[in-house]
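So the structure is just underneath, and the comments pick up after that.
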Amino acid sequence: MAMCAAVVQVEDLTVQFPPAAGEENNLQALGPVSFAVQPQEFVAVLGPSGSGKSTLLRVLAGLLPPSTGRVQVCGGSTAQVGLVFQQANLMPWRNVLQNITLPLELRGVPQAEAQRLGREWIEVIGLQGFESAWPRELSGGMAQRVALARALIQNPDLLLLDEPFGALDALTRERLAAELLTLWQARRNTVLMVTHSISEALLLSDRVLVFTSRPGRISLDLPVTLPRPRQEEMRYTATFGEMARALRAAIG
């Protein structure tokens, strides 16, 4: 990866959409917002629905152009960016191993090497024995594990997570968040994650950005002072409770 001051640099970013039927003015969905994400930093983004959180990730992934302002991902067009959505979005005609190795195939990695790495990731995410399973045969939690492995197998310079556990039940969500924490602590990819869970944001991240209602602006940039490595039991500490109250107050 190129030498940059930050992995992500956002300056005065705004995003507007064309007016809806019967409206005259453009809809401003986001901004202006400015922030940076440092190498190996895990940043969570909280805010009410419709505040532009997912819009931000789509701009960073190159799926949506900014209306004004500047967005820079270190490495530019050569940067490896992984994106995981709320729904796993697995290809139904590809089995688990084939879904995981897709990014390597697109990069021209030899098949033997791609499959070796894919099987390593299947072991990491605990799906041994499901290499040949089809997406329709997986539970929601299993499918999301596959989506995470598909994003992480390319060792991305930047991993974007758009409410990755939002469609799961509470127990599965908590378990997968703990697994993501373990993966991140071992590999330290730079991560920007959208979530609606204050507890999840505090347990996983180094900083939490709180967005206002639309158009989303940053109302709070809170450093998470919990020591690493993180443990589930930290949810019940006084420090955790104080930061959770601060985030809840900022969301309003």
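All of the numbers you see were taken from the coordinates with simple rules; none came from a lab. Keep in mind the model is a prediction, meaning the values are calculated, not measured. Using ideal geometry, Cβ is built from the backbone for each residue, glycine included, and neighbour counts are taken over all protein chains shown.
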Can you pull out the residues in segment 167-181 that are more than 13 Å from residue 143 (Cα to Cα) and either under 15 Å from the mean Cα position of the chain (by Cα) or not in a helix (DSSP H, G or I) (or both)? 169, 177, 178, 179, 180, 181
The residue from 33, 96 that alone is surrounded by 17 or more Cβ atoms within 10 Å (Cβ to Cβ) and in contact with a strand residue (DSSP E or B) (Cβ under 9 Å, 6 or more places away or on another chain) is 33
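For segment 159-174, how many residues meet the condition of being in contact with a helix residue (DSSP H, G or I) (Cβ under 7 Å, 6 or more places away or on another chain) and not β-branched (Val, Ile, Thr)? Break it down stepwise before answering.
First, pick out the residues of segment 159-174 that are in contact with a helix residue (DSSP H, G or I) (Cβ under 7 Å, 6 or more places away or on another chain): 159-160, 162, 164-165, 167-168, 172.
This time we only want the ones that are not β-branched (Val, Ile, Thr), so: 159-160, 162, 164-165, 167-168.
Going through segment 159-174 one residue at a time, the tally reaches 7.
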Kindly check whether there is at least one residue in segment 157-168 that is in contact with a Gly (Cβ under 8 Å, 6 or more places away or on another chain) and either among the basic types (Lys, Arg) or over 22 Å from residue 197 (Cβ atoms) (or both). yes
Report every pair of residues separated by at least 6 positions or lying on different chains whose Cβ atoms are under 6 Å apart, first residue within segment 114-129 and touching a residue at least 24 places away in the same chain (Cβ under 8 Å), second charged (D, E, K, R) and surrounded by fewer than 18 Cβ atoms within 10 Å (Cβ to Cβ). 122/131
Residue 15 fails exactly one of the following numbered conditions: (1) touching a helix residue (DSSP H, G or I) at 6+ places or on another chain (Cβ under 8 Å); (2) exposed (fewer than 15 other Cβ atoms within 10 Å of the Cβ). What is the number of that condition? (2)
Inside segment 11-56, can you point out the residues that are touching a Leu at 6+ places or on another chain (Cβ under 8 Å), closer than 20 Å to residue 250 by Cβ and among the hydrophobic types (A, V, I, L, M, F, W, C)? 13, 30, 33, 35, 37, 42, 43, 44, 45, 46, 56
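Of the residues in segment 43-69, how many are assigned to a loop (DSSP other than H, G, I, E, B), buried (at least 23 other Cβ atoms within 10 Å of the Cβ) and of a type outside the set (Ser, Thr, Tyr)?
Taking segment 43-69 as the starting set, the residues that turn out to be assigned to a loop (DSSP other than H, G, I, E, B) are 47-52, 61-67.
From what's left, buried (at least 23 other Cβ atoms within 10 Å of the Cβ): 47, 51-52.
Retained after the next criterion (residues that are of a type outside the set (Ser, Thr, Tyr)): 47, 52.
Within segment 43-69, residues that are assigned to a loop (DSSP other than H, G, I, E, B), buried (at least 23 other Cβ atoms within 10 Å of the Cβ) and of a type outside the set (Ser, Thr, Tyr) number 2.
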Find the residue count for segment 142-173, including only residues that are free of Cβ contacts under 8 Å to residues at least 40 places away in the same chain, touching a Ser or Thr at 6+ places or on another chain (Cβ under 9 Å) and surrounded by fewer than 18 Cβ atoms within 10 Å (Cβ to Cβ). 1
